[in-house]
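Chemist: Sharing a structure below in structure tokens format, with a few things to ask.
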Amino acid sequence: MEFTTVLFYVFSAIMVIAGLRVITAKNPVHAALFLVLAFFNAAGIWMLLKAEFLAIVLVLVYVGAVMVLFLFVVMMLDINVDRMREGFWGYLPLASGIGALVVLEMAAVLWRGFLGTSEAPAESAVGHIGGTKELGKLIYTQYIYGFEIAGLILLVAIIAAVALTLRKRKDTKAIDPALAVSVKRNDRLRIIKMQTVNQKAIDAAAVAAAEAKKEAP
């Protein structure tokens, strides 16, 4: 047995155990951490399949962003764990049926591959599955318009989210960016002319006044 095969079974076993702990852990934070462990092992399997782009995206997007958001939400909310788990066993038959259906579908797809009857893919294609270089070439050449349209849609979604959540409150001080940009020099700075002051004459007059007070009876 090759070393990569051993790693595949190790990653798969840990991922299955972590997946089971996600749905059986009593603490939501522990369940989220087990899901992070499952994602890391799935990324390891993607690396064994030479799909490094999918592995990196799985770690950065799901582990680095989505799961961190889940953990923040779970920690900030006051969740009643006992009440949340009241209907767990009631949903178990339905969940078991859906899981068995998914396993059967995956087995049907991979059955020919397990038997070795399917044609082996070309070596050149196998070596570039999930490669960032090949994906970058396709995105920025053949699918450049779709990529740009997707970027514009995401930009519009971000602007809409900020606009919907923006609220003006009277108890806080906020700066209007439009007014800050449209301000002119004369609105902020005014130059005025003042008469010059002879500081030496003022000091001499003050000294003379002090002496005159001392000499006065």
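The values are calculated or read from the model by the stated rules, or taken from the named source; none is laboratory data. Given the structure is predicted, the values throughout are model-derived calculations rather than measurements. All Cβ positions, glycine included, derive from the backbone under ideal geometry; neighbour counts span all protein chains shown. Just so you know, the surface numbers come from the protein's heavy atoms only, side chains and all, with ligands and any DNA or RNA stripped out. Shrake-Rupley method; radii C 1.70, N 1.55, O 1.52, S 1.80 Å.
Chemist: When you count, for each residue, the other Cβ atoms within 10 Å and take the mean per peptide, how do 3-13, 17-27, 98-108 rank with the highest first?
Modeler: 17-27, 3-13, 98-108
Chemist: Ranked highest first by average number of other Cβ atoms within 10 Å, how do 141-154, 42-55 line up?
Modeler: The most tightly packed comes first, giving 42-55, 141-154.
Chemist: Still on this structure: Quick check on region 27-67: what are the equivalent-ellipsoid semi-axes from the Cα gyration tensor, as sqrt(5λ), descending, whole Å?
Modeler: One finds semi-axes of 21, 11, 4 Å for region 27-67.
Chemist: Separate question: At 1.4 Å probe size, put K184, K193, K200 in order of accessible surface, largest to smallest.
Modeler: Greatest to least solvent exposure: K193, K200, K184.
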